[in-house]
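Rule-based calculations on the coordinates, nothing more; no lab input. The model shown is predicted, which means the values in this text are computed figures rather than measured ones. Cβ placement follows ideal geometry from the backbone for every residue including glycine, while neighbour counts extend to all protein chains displayed.
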Amino acid sequence: MTFDAELVFSALRALTPVLFAALGGALCERAGVFNVSLEGTMLTGCFAAVAGSWYTGSAWGGVLAAVLAATLFSAILAVGAVSLGADAVVVCIALNLLAVGLTGFLLRTVFGTQGTFSDPDLKGLEPVDIPGLASVPFVGPALSGHSPLVYLSWVAVAVTAVLLSRHPWGLRLRGVGEAPEAAQSLGVSVTRYRYAAVLTSGALCGLAGAQLALGNVTLFSENMTAGRGWIAVVAVMLGRALPVGVLLAGLLFGLVEAIGFRLQGEGLPQQAADAAPYVMTLVALFLATRPAFRDRRLVRRRRPAPPATDAPSHPDPAATPLETAR
Amino acid sequence: MTDLTDPTRDGGRSPLAAAAGIARRAVVSPVTVSIAAALLLGAVILAATGAAPLTAYQAILDSAFGSDGISDTLTKSIPIVGMAVALAIPLRAGLVNLGGDGQLVLGALAAAAVGLYSPFPAPVTVVCALLAGVVAGALWAALAAVLETVCGVPLLVSSLLLSYPAVSFVSYMVRFPLLQKGSGIPQSERLPDGVRLPEFAADGGLGTGVSIGILLIAAAAAVFAFVEARTAAGFELRMTGRGPRFAAYAGVDRPRLTLRLMSASGGLAGLVGAIVVLGFPYRLTDGALTTPGYTWTGLLAALLAAASPIGTVLAGFFFAALTVGGFGMEQETAVPQQLTQVLQALIILFLAVRTGVFAKGGRFRRRPAAPPPPTATAEDPAGDPADPAADPAPALGGR
């Protein structure tokens, strides 16, 4: 097996759904909502993407449908966990199963087929060649020719990173996650920010689903997310809920999946290739073990700071913009 | 308003009035209301897709409890109730074991391997195969517990992530080393004659196909119920479920508790896998344990019962009936059987948002001081501690 542009290409393609979902998960984590419904929300997005593309005859119609459906789906979590005080984990487990059942049910009733729906007339996302870049050796074939959503995911990383670290919205969001009472007392609506985080994560999962069902392949099959949403949950943990960290964690997963797929062509049993990303994420989690993991406060520190001043100072960065916002 | 009348009824000497009070409370319990709400929403979904809701529900009932269906329901109860009890064990202490699939298939693989290659006589082999299943499942689950307690990976994630490689490994073993030669189906060789769990006689009123594995599951549930209610370990378990911090303060060794609960949970899951392999068709088939989603149905059943031992068995039986009924409904009315999966998920969703029982000790303790929405206040009396169904409140904060 050789490390070539094609491998990077397929790694980036495998990364995209995980990356979108993990960005959504990171936003929720920062807002203090433990969102493990990424898997089900992404699956909902996959189905809506295929249905949307099929009925509008345009891949972008599918993307729009995926974003809307997944946002709506995640609204259940927002209402349940944020407004009604239900346990987020229970709601998420139910949502994941609801997505599997509902998409299977709709596949039968809407498309009249079982297992997989694919059709030559189903429009997928067209690859985009980046002018100028395509002719550069190695970099060109690796980075150019992806679906537009792949590039959008990179933009999303940058936007999320800047938003979280520099924009007042991001600072308030982090404040809501780290010290809800403090944020509330400063007039920041905890409910509103948590709703925003959960709904945005829904939209991002919709994009993840659209990329999976219309970009990586052009079909819908039952349970096609196959654990990617859970990989995204792990990516959030590994990446400490930082957009760039999430990107790196996702890249690791993408590379392992691409390498596994490549080795499968060279005689590796398919089951070993299937298991590889999960084993890899487990190993990575194991290696990344830090005391910070033990108390589940993944997002306490944003940048290395002297430990003594860290804990007392962390409400401060959030406080300034909160105050100025009033 | 029911809650206002109930105490007076219970206070009266008449047992009839007390029974009426209990019945009344059962009717307005969050569980009943959630099931009703889910059925109602399911009916809306059915009507929206052009099917007749009542006909569909009638078909579910008929095929689950009809003369032909009841033995199917009992057979399906073995894995579903088994997994429900297995997952309820840690859930009672607020720990979520999402790795049931891995523990289940590893137990099945261990049992199949022992069954095929054991040099002992058949009855001994059956016992060895069951034990091997228990050990395999328990070890795999214990690994997830160690990952949480030593490495700090949340149990929810560690158990689930371990599940995928296990499922892949078993799939590989079935498709290559254990594959039955000459058949196109990915299944192992048939277990030797006699290496199987006996079935109840066809004339016994239960119909055929129900293996005595159901007694093993019942025994496991009884042991769980006894340990939970009557022993010191059970007290620690319940205390941790209701208040993890209080339990820690009271001296409960959480890592040790996690390890024991996960081992018990995985062991029972492995036993379920072994029982399935030792029942008809007496072989391990790839996907036979994971495709029907026993783990997830079982987890939902455990959540529905808030992991109380007896309640979990009843909920598991209910979901098994729903699953079997779904297949019958599909044959009779062409409504896809996935509907029952949707119904199960909806029941848990309604339950979770309606009672708020699950919220206690959860991540949202620090909710804003904003006045809670009117719905939540109105429902609060239902989550009253006097309500038997609202009792256990596993604080699912333990991740």
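The 3J(HN,Hα) values that the Karplus relation (6.51, -1.76, 1.60; θ = phi - 60°) gives for segment A:57-72 are, in residue order, x, 9, 4, 6, x, x, 4, 4, 4, 4, 5, 5, 5, 5, 5, 4 Hz. Gly and Pro appear as x. The per residue volume of the convex hull around the alpha-carbon atoms of segment A:7-140 is 144 Å³.
Comparing A:Ala75, A:Gly61, A:Gly115 along the charge dipole axis of segment A:29-144, the residue lying farthest to the positive side is A:Ala75, per the Cβ-charge model. Just the number, please: Stokes-Einstein D of the protein assembly as shown in µm²/s, Kirkwood Rh from C-alpha pairs, 10 °C, 1.306 mPa s. In µm²/s, the coefficient is 60. If you take the alpha carbon atoms of segment B:220-285 and fit the smallest convex hull around them, that volume is 93 Å³ per residue. Label separation (A:Leu263 vs B:Phe65): 5.3 nm, computed from points 7 Å beyond Cα along the C-beta direction. Here, segment B:72-179 has an Rg and a Dmax of 15.0, 45 Å when only alpha carbons are counted.
Which value, in Å³ per residue, describes the convex hull spanned by the Cα atoms of segment B:95-253?
Considering the Cα atoms of segment B:95-253, their hull volume per residue is 164 Å³.
Think of the protein assembly as shown as having a plus end and a minus end, set by charges on the Cβ of Lys, Arg, Asp and Glu; of B:Val277, B:Val44, A:Leu7, A:Leu7 sits farthest toward the positive end of this dipole.
Multiply the residue separation of B:Ala47 and B:Ala229 by 0.36 nm, subtract the distance between their alpha-carbon atoms, and state the gained length in nm to one decimal.
61.1 nm
Using every pair of separate Cα atoms, the Kirkwood estimate puts the hydrodynamic radius of chain A at 20.3 angstrom. Inter-chain Cβ neighbour count for B:96-103, averaged per residue, equals 1 (cutoff 10 Å, partner chain atoms only).
Amide H contacts under 5 Å for A:Phe117: A:Phe220, A:Ser221, restricted to partners 5 or more places along the chain or on a different chain, H placed in the peptide plane at 1.01 Å from N.
In chain A, the sites counted are chymotrypsin sites (Phe, Trp or Tyr not before Pro) in DSSP loop states with at most 14 other Cβ atoms within 10 Å, and the longest stretch holding none of them, exclusive of the sites, is A:139-326. 3J(HN,Hα) along segment B:21-37, derived from phi through the Karplus expression 6.51 cos²θ - 1.76 cosθ + 1.60 where θ = phi - 60°, amounts to x, 5, 4, 4, 5, 5, 5, 8, 5, x, 5, 4, 5, 5, 4, 4, 5 Hz, with x in place of Gly and Pro.
Each of A:Thr160, A:Thr2 has some number of other Cβ atoms within 10 Å of its Cβ, and from fewest to most they run A:Thr2, A:Thr160. Measuring r between the beta carbons of A:Ala182 and B:Val146 and using R0 = 51 Å, the FRET efficiency lands at 0.90. Build a GNM of chain A with springs between Cα atoms under 10 Å apart, and of A:Val176, A:Val283, A:Val236 the one that fluctuates most is A:Val283. Counting only alpha carbon atoms, the long axis of helix A:243-265 and the longest principal axis of chain A meet at about 20°.
Between the beta carbons of A:Ser165 and A:Leu287, assuming R0 = 25 Å, the FRET efficiency works out to 0.45 to the nearest 0.05. Inter-chain neighbour count for B:163-173: the average number of beta-carbon atoms from partner chains within 10 Å of each residue's beta-carbon is 5. Note on segment A:194-240: Kirkwood hydrodynamic radius from all Cα pairs is 11.8 Å, rounded to one decimal. Only the Cβ atoms of Lys and Arg (+1) and of Asp and Glu (-1) were treated as charged; on that basis the dipole of chain A about its Cα centre amounts to roughly 1040 debye.
The label point for B:Ile22 and the one for B:Thr291, both projected 7 Å from the Cα toward the Cβ, are 4.4 nm apart. Placing pseudo-labels 7 Å out from each Cα toward the beta carbon at B:Lys181 and A:Ser189 gives an inter-label distance of 7.2 nm. The C-alpha atoms of chain A define a longest principal axis, and helix A:5-31 lies at about 30 degrees to it.
Amide H contacts of B:Gly99: B:Leu160, each under 5 Å away and 5 or more positions distant or on a separate chain (H built 1.01 Å from N in the peptide plane; Pro and chain starts excluded). Farthest towards the positive end of the charge dipole of the protein assembly as shown, among the residues A:Gly177, B:Ala64, A:Gln211, is the Cα of A:Gly177, using unit charges on the Cβ of Lys, Arg, Asp and Glu. Sequence-ordered 3J(HN,Hα) estimates for segment A:131-141 from the Karplus curve with 6.51, -1.76 and 1.60 and θ = phi - 60° stand at x, x, 7, 4, 8, 6, x, 6, 5, x, x Hz, glycine and proline given as x. Rounded to 0.05, the FRET efficiency of the B:Glu332 and A:Leu68 pair, given R0 = 45 Å and the Cβ-Cβ distance, is 0.80. For segment B:9-90, the spread of Cα coordinates along the three principal axes comes to 49, 34, 32 Å, biggest extent given first. Within a Cβ distance under 15 Å of B:Thr323, other residues only, what is the Lys/Arg minus Asp/Glu net charge? Once positives and negatives cancel, what remains is -2. Counts of other chain beta carbons within 10 angstrom of each beta carbon in peptide A:269-280 average 5. In the elastic network of chain A, a GNM with C-alpha springs shorter than 10 Å, the most mobile of A:Pro148, A:Pro269, A:Pro127 is A:Pro269. Considering only A:Val18, A:Val244, A:Val155, the mean-square fluctuation computed in a Gaussian network model of chain A, springs between alpha carbons under 10 angstrom, is largest for A:Val155. Taking only the Cα atoms of segment A:141-246, the radius of gyration and Dmax are 16.2, 53 Å. Ratio of Rg to Rh for segment A:1-64: 1.11 [Cα atoms; Kirkwood radius as inverse mean 1/r over pairs].
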